[in-house]
Amino acid sequence: MIKLAISGSCGKMGQRIINLARLDKDFKIAVLLEGKGHPDIGTRIRGCQVTNDTQEIKNADVLIEFTTPEATMEHLAACLKYKKPVVIGTTGLTAAQKKDIEAVSKKIAVVLSPNMSLGVNLLFKLIKEAADKLSRDYKVGIREAHHVHKKDSPSGTARKIAEIIEKARKEQVKNIKSIRKGEIVGDHEVVFESQFDTIRLGHFAKTRDIFAKGALNAAKWVIGKKRGLFSTQDIV
């Protein structure tokens with residue numbers, strides 16, 4: 001049984017990860033982390049106490065991290081100290097923070113992905129194929145929409161899509177539209193448009209469970225890996 005640590009455990013993603021992990025016989029919830037000063041610290045969820053003590057990570061086999069960039073880097077340091085693999089779904093990381101994560105991955109196993117959904121990672125592959133095969137006559141636009149609480153804009157997934165297209169076409173994607181409205185879980189659409197036709201590729205999430213399930217699959221997959229920087233593409 002995998003002893004699981006969940007960071008951001010009282011947030012919307014954390015709650016879905018807890019609920020799905022509880023139904024999976026391969027997991028035992030061992031550590032629930034929240035930020036300093038969080039009102040739920042000291043309370044119990046499913047028999048496990050919420051804490052801000054990063055030393056508790058030593059009591060888990062793997063950490064799933066969906067928080068802020070600052071908290072992620074703090075928890076990553078604890079994972080390095082205790083030699084624990086980590087699954088990072090945090091977005092909004094700076095180039096310097098990503099470089100630090102890459103350095104840590106030379107000593108422990110890290111799965112880093114802006115989107116843990118299987119469907120989105122299949123979308124990445126389709127977008128790469130389209131960007132490779134379509135001529136430069138096709139203009140590219142990216143549209144992403146999320147709930148009003150999401151802090152980073154464009155989303156990490158939209159940035160990844162732009163990166164894929166830019167690598168294939170050797171030109172910058174400038175047309176990225178971000179929408180923050182209501183409680184939208186996560187919509188992403190890429191449009192390739194020419195004088196003659198329009199091609200649309202998209203993914204529209206109905207529930208956060210697709211991200212939670214993807215993170216749990218990543219946690220199972222990374223167990224036993226000694227070191228290395230991986231993405232959901234490696235798992236797919």
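Laid out as a table, the results:
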| read-out | value |
| --- | --- |
| Number of the exception - GLY8 against (1) on the phi > 0 side of the Ramachandran plot; (2) exposed (fewer than 15 other Cβ atoms within 10 Å of the Cβ) | (2) |
| Residue match in the range 36-52 (condition: of a type in the set (A, V, I, L, M), buried (at least 16 other Cβ atoms within 10 Å of the Cβ) and either in contact with a Pro (Cβ under 7 Å, 6 or more places away or on another chain) or in a loop (DSSP other than H, G, I, E, B) (or both)) | yes |
| Condition check for ILE108: β-branched (Val, Ile, Thr) and more than 19 Å from ALA215 (Cα to Cα) | no |
| Test: residue in the range 167-178 that is among the polar types (S, T, N, Q) and either more than 27 Å from LYS12 (Cβ to Cβ) or assigned to a loop (DSSP other than H, G, I, E, B) (or both) | yes |
| Selected residue [modelled with pLDDT of 95 or more, out of contact with any strand residue (DSSP E or B) (no Cβ under 8 Å at 6 or more places or on another chain) and buried (at least 16 other Cβ atoms within 10 Å of the Cβ)] from ILE176, ILE164, ILE210 | ILE164 |
| Conditions (1) modelled with pLDDT of 95 or more; (2) exposed (fewer than 13 other Cβ atoms within 10 Å of the Cβ): number failed by ILE101 | (2) |
| Qualifying helices (runs of 4 or more DSSP H) (wholly inside the range 56-154; at least 3 residues being hydrophobic (A, V, I, L, M, F, W, C) and outside the structural domain of LEU32 (by TED's automatic domain parsing)) | 118-133 |
| Complete set of residues in the range 94-135 that are under 28 Å from LYS81 (Cβ atoms) and free of Cβ contacts under 8 Å to residues at least 60 places away in the same chain | THR94, ALA95, ALA96, GLN97, LYS98, LYS99, ASP100, ALA103, VAL104, PRO114 |
| Test for GLU34: is it in contact with a Ser or Thr (Cβ under 9 Å, 6 or more places away or on another chain) and either aliphatic (A, V, I, L, M) or closer than 19 Å to GLY214 by Cα (or both) | no |
| Residue in the range 3-14 that is assigned to a helix (DSSP H, G or I), basic (Lys, Arg) and at pLDDT below 95 present | yes |
| Count - residues of the range 200-221 that are in a helix (DSSP H, G or I), of a type in the set (A, V, I, L, M, F, W, C) and over 13 Å from GLU65 (Cα atoms) | 2 |
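The values are calculated or read from the model by the stated rules, or taken from the named source; none is laboratory data. Bear in mind that the values here come from a model prediction, so they are computed numbers and not experimental data. As a convention, Cβ positions derive from the backbone with ideal geometry for all residues, glycine included, and neighbour counts pool all protein chains shown.
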